[in-house]
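The values are calculated or read from the model by the stated rules, or taken from the named source; none is laboratory data. Bear in mind the structure is a predicted one, so any value in this text is a computation, not a measurement. We place every Cβ from the backbone using ideal geometry, glycine too, and count neighbours over all the protein chains shown. Surface areas here come from the heavy atoms of the whole protein model, side chains and all, with no ligands, DNA or RNA. Shrake-Rupley method; radii C 1.70, N 1.55, O 1.52, S 1.80 Å.
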Amino acid sequence: WRSVADRLALRRRVLLTEWRGHGDSRPAPGDFGLEEMVADALAVADAAGAETFVPCAASHSGFVAIELRRRFPERVPRLVHCDWYVVPPPPPYRAVLRRLTDPEGWPEARDRLFEIWRGGTGLGDVESALGVMNEHDAEMWMRSGREIAAGYARIGSPVEAWAALDPPLPVLHVYGQPRDPAFLEAQRTFAATHPWFTVRQTPGVTHFAMIETPGEVAAAIESFLAEAQAS
């Protein structure tokens with residue numbers, strides 16, 4: 001998020017976080033999942049004195065963002081999601097998730113995800129991000145497979161979860177991949193009956209729009225947040 005955050009910070013207060021066990025955060029003291037991640041995100045906001053905040057969630061951290069809104073609607077007025085499979089995931093993707101939880105099969109599943117996420121490119125910044133992710137051990141990867149599958153099992157799909165929030169709130173999804181026109185059309189169809197939802201597709205082709213096209217992602221988020229000030 002660094003390149004996007006630097007752009008947004010010209011006009012906004014931005015809190016950058018890393019999940020426990022990731023990046024420069026301390027090693028996780030034990031197993032963790034949705035409950036711990038919600039608590040961690042809330043702790044960052046509290047420590048920063050942010051009474052209200054807009055979670056900007058990359059991919060499956062969107063489960064945490066939705067849960068923050070569900071539990072603290074007065075503190076979370078909007079949601080921003082980036083590069084997430086927001087419609088019900090197809091069977092091949094569910095199969096990869098199952099493989100990711102297998103002590104023998106998780107390396108193959110990880111490598112398959114890397115192949116998809118590259119989008120046929122070899123972009124240096126994306127490769128650097130994948131290199132960092134490749135340093136995570138079996139426990140972290142199997143945990144991710146478990147938690148992602150559990151998230152979809154719990155909410156069905158992000159579009160279903162957003163529609164179930166009462167009252168509804170403005171939601172933005174900005175993404176580069178997948179390039180399948182049907183994926184974009186499904187979101188536009190959803191937006192036609194749920195006017196609080198906005199989708200923006202960037203020119204990128206990888207799973208990391210915030211790395212590949214940070215200017216477009218930042219502009220989409222800034223425009224989305226400006227709507228709140230104009231209303």
For the pair Ala39 and Glu104, how long in nm is the line joining their label points, each one 7 Å along Cα→Cβ? 3.6 nm
Measuring from the lowest to the highest alpha carbon on each principal axis, how far does the chain reach, largest first, in angstroms? 52, 41, 35
How much length would be gained if the chain were fully extended between Ala226 and Glu74, taking 0.36 nm per residue of separation minus their Cα-Cα distance, in nm to one decimal? 52.8 nm
How much accessible area per residue does the chain have, counting only protein heavy atoms and a probe of 1.4 Å, in square angstrom? 50 Å²
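Rounded to the nearest 20 Debye, what is the dipole magnitude of the chain about its Cα centre when Lys and Arg each give +1 and Asp and Glu each give -1 at the C-beta? Walk me through the numbers on the way to the answer.
Working: 24 positive and 31 negative charges, 111 e Å.
It comes to approximately 540 debye.
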So what is the relative contact order of the chain, in percent, for Cα pairs below 8 Å that sit 6 or more residues apart? 23 percent
If you average 1/r over every pair of different alpha-carbon atoms in region 45-172 and take one over that average, what Kirkwood value in Å do you get? 16.1 Å
Given axes a ≥ b ≥ c from the Cα gyration tensor, I'd like to know whether region 126-206 is rounded (a/c under 1.5), prolate (a/b larger than b/c) or oblate. oblate
